[in-house]
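K.L.:
My questions all concern the structure below.
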Amino acid sequence: MPEAEPQKLGSATTDTERQELGLLAKLVLAALIVLVLAGLLLHGITVAVIERLWHDLIQRPDAPMRFRFILQPVMAAIVAIRDGLKDVRAGRKPYFRMALGVTRLREGLNATSRIILLGIVMDAMYQIIVLGRFYPGEAVIIALVLAFVPYLLIRGPAARIARRLHAASPPRIS
């Protein structure tokens, strides 16, 4: 039986450890599922719904509350960089390649659950104020595109850059 690799200092989990979803992540995941189902039941999937969806999505960056198009990706980037640095310290493999595994997706959902929840709330407020209605499917799409997708795209490169910088730096003499 192969020996388990000892954990490095400062590491929270290794690739082989199973990370469970936190309570907030479970609530956010449940909310996403409920909102998607509500959107499908209320509006269905028709050409008119898809046209309205694209029109609303393209119009949003110019509308009130456009700060969320900067705020959410920046928050996701900060969390992704933090987690990428943790990956380097723990000696874990790049995130995006491993994100297809359930364990690493759980890790990403735990990390971004607050940002996704914030995105859903801000988009719901935007829709009610500007559109006068709430489209749950659109709220889910916006929250995932502005929070989870940047996290997925930034965490791996942040870890790679940190690995290269760490490898290029001269050893410290203590």
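K.L.:
Taking the condition buried (at least 17 other Cβ atoms within 10 Å of the Cβ) and charged (D, E, K, R), does Arg106 pass?
P.N.:
yes
K.L.:
Condition test on Met65, is it under 15 Å from Leu146 (Cα atoms) and outside any helix (DSSP H, G or I)?
P.N.:
Answer is yes for this residue.
Yes/no matrix, rows are residues, columns are (1) at pLDDT below 90; (2) within 21 Å of Gly22 (Cβ to Cβ); (3) in contact with a helix residue (DSSP H, G or I) (Cβ under 9 Å, 6 or more places away or on another chain):
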residue	(1), (2), (3)
Ile58	yes, no, no
Ala63	yes, no, yes
Ile70	yes, no, no
Lys93	yes, no, yes
Phe96	yes, no, yes
Arg104	yes, yes, yes
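K.L.:
Condition (residue is without any contact (Cβ under 8 Å) to a residue 24 or more places away in the chain, part of a helix (DSSP H, G or I) and of a type in the set (Gly, Ala, Ser)) applied to segment 118-131: is it met by at least one residue?
P.N.:
yes
K.L.:
Okay, next question. Please find, within segment 1-55, the residue that is modelled with the lowest pLDDT out of those that are surrounded by 13 or more Cβ atoms within 10 Å (Cβ to Cβ) and of a type in the set (Lys, Arg).
P.N.:
Across segment 1-55, the extreme among qualifying residues is Arg52.
K.L.:
A further question follows. Hey, can you tell me all the residues within segment 132-171 that are free of Cβ contacts under 8 Å to residues at least 12 places away in the same chain, under 24 Å from Leu41 (Cβ atoms) and assigned to a helix (DSSP H, G or I)?
P.N.:
Correct list: Val145 only.
The values are calculated or read from the model by the stated rules, or taken from the named source; none is laboratory data. This one's a predicted model, so the numbers in the text were calculated from it and none came from an experiment. Don't worry about glycine lacking a Cβ; one is built from the backbone with ideal geometry, like all the others, and counts go over all protein chains shown.
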